[in-house]
Structures are given as structure tokens and as C-alpha cells.
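Scroll down for the structure; my scribbles are underneath it.
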Amino acid sequence: MTLLIIGNERSLHECKAKLGTAVNYQHLTRHDPGAQLPAIDVVIDFLLADTPEAISFYRNQIFRAVFVNSVTKALHHLIPANLANTTLFVGLNGMPTFINRPVWEVALLKKEDEVKLAEVGKQLQIEFALVQDQAGMVTARVIAMIINEAYLTLEEGTASREDIDKAMKLGTNYPYGPFEWAERIGLNYVCEILAAVQARETQARFPISALLKQQAMQR
């Protein structure tokens, strides 16, 4: 199977760490319709949510499956109906650090696509957890909110960054503390997730920490 990764070097590295040498890799750092590529079976697209106009890349090509990082924008907002009828598009929690994990968090446009997804997963040797197609999905939303709460706690002077990280790792057995996680994911990305979740709520339930915004702007 030949896999095309559309994203940065970090995304490519995470995919290779997860999928190993069982697939052949091709890599693009942007949607380039003129790129000379071999026949591609599956695409993992980390960039479409930031460049939705690049959907034209898929208009004249049919792939077995296209996984789209849909953490900040729901899949149904990115994929027109006519394309969804010809290619299997799968929403993916492609947040940094969440690719090389035992189970991929995914969303589908149509329930009948579950059979096709299972076939692709079997060939790639990936297990999936199917969630609702919405911005933030599940895990990204929860982690972003934990990070935001940690920044709010820091703003209040309740504890230091180091103590908050230590308390969360010891108390919840998380692999990273919230500030460590924020650095690995990227502060701007965390803010994008929180803003996307907030935008679909009828009430302002998720105010973003002023300190988090400030530090994100400084990056």
C-alpha cells in the first residue's frame, strides 16, 4: 500500500512511527496537483482544515481513503457532498502526539462508510474509535480544556507550572502534564481547538485563558 502524507515533517515522522515499514510513503508539504507521484492508495491530510480551498486537490483524483485532520473543523464542513460520494473521507484526530497511539479517533460522513473504514483499518493494522463529526472531536476537546484550565489555575496563582504538571501526572497517570502537553501540541493549536469548540456552543462556556492567548501570540 502506498500512503501519501500531506503535512510537515513532524506529521510524517509520527505516521512512520505508527505505521512502520508495512507501507510505502510519499510526502507533500502542501497540496500540489502537479506533483509527480506514484499511484496512491490512502492519503492522510493534516493541512486541509487550514487551507479548505485546497479541496480542489481531490476533485480529479479518487483514492481508497482520505483521512483528514478535522480537529478544528468538522469533516462535513470541509468535504462537499459530490466528493463524499466517490471517495471515503474520514475525519481524524491528527493533533500532534495523537497519531502514534493504539487507537485512532475518527469520524465519518455516512454510517454506511463503516464497512469501507474497517477494510482500510485491517490493511493498515489500525484500530478506530468512531466519534461524532464535530470540531474538537472528543480527546482533542478534553485535552485542550484541561490545558486551558491549567492556565486559568496558573493565572490565579494557585500553583506553579511545575507543580500543576506534577500533580496531573501523579493524580491522573497522564503521560504529560498540561503545560508539557501544550508545548508538544503547540499553544496556537490549542487556542484553535478551544475557539472551534466555543464557536459551536450557544453559550460562552469555554473562555480561553488570557495567559494562554498571550503566550500563544508570542510564539
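Computed from the coordinates by the stated procedures, all read-outs in this text should not be read as laboratory data. Given the structure is predicted, the values throughout are model-derived calculations rather than measurements. Here the Cβ positions follow ideal geometry from the backbone for every residue, glycine too, while neighbour counts run over all protein chains shown.
Annotations for the structure displayed:
- As a proxy for reagent exposure, ranking Leu3, Leu92, Leu130 by other Cβ atoms within 10 Å from fewest up yields Leu130, Leu3, Leu92.
- Placing unit charges on each Cβ (+1 for Lys and Arg, -1 for Asp and Glu) gives the chain a dipole about its Cα centre, and among Leu92, Tyr58, Gln198 the Cα reaching farthest toward its positive end belongs to Tyr58.
- Extension gain, Tyr25 back to Val142 (0.36 nm per residue minus Cα-Cα distance, nm): 39.0 nm
- For the pair Arg64 and Val115, label points projected 7 Å from Cα toward Cβ lie 1.7 nm apart.
- With contacts taken as Cα pairs under 8 Å at a separation of at least 6 residues, the chain carries a relative contact order of 15 percent.
- Computed from phi, the 3J(HN,Hα) profile of the range 115-127 under the Karplus parametrisation 6.51, -1.76, 1.60 (θ = phi - 60°) reads 5, 4, 4, 4, 5, 5, x, 5, 5, 7, 6, 10, 9 Hz, with x in place of Gly and Pro.
- Cross-link partners for Lys122 among the lysines, with Cα-Cα distance under 16 Å and sequence neighbours closer than 8 places in the same chain left out: Lys18.
- Amide H contacts for His27 (H built 1.01 Å from N in the peptide plane; partners 5 or more residues away or on another chain; cut-off under 5 Å): Ile5.
- Projected label points at Arg161 and Val103, each 7 Å from Cα along the beta carbon direction, are separated by 3.3 nanometres.
- ³J(HN,Hα), Karplus 6.51/-1.76/1.60, whole Hz, each residue of the range 157-172, x for Gly, Pro: x, 5, 7, 7, 4, 4, 5, 5, 4, 5, 5, 5, 5, 6, x, 10
- Value in Å of the Kirkwood radius, where the range 22-130 supplies the Cα pairs that are averaged: 14.3
- Amide hydrogen proximity for Ala74: with H placed 1.01 Å from N in the peptide plane, the residues at 5 or more positions away or on another chain lying under 5 Å are Ala135.
- Fewest neighbouring Cβ atoms within 10 Å first, the residues His77, His31 line up as His77, His31.
- For the range 62-204, the C-alpha radius of gyration sits at 1.18 times the compact-globule guess of 2.2 N^0.38 Å, with N the residue count.
- Cα centroid of the range 8-37 to Cα centroid of the range 138-161, whole Å: 33
- Semi-axes of the equivalent ellipsoid for the range 139-217, computed as √(5λ) from the eigenvalues of its C-alpha gyration tensor and ordered from largest down, come to 20, 13, 12 Å.
- Cβ-placed point charges (K, R +1; D, E -1), dipole of the chain about Cα centre in debye, nearest 20: 240
- Burial ordering of Asp165, Asp45, Asp32, fewest other beta-carbon atoms within 10 Å first: Asp32, Asp165, Asp45
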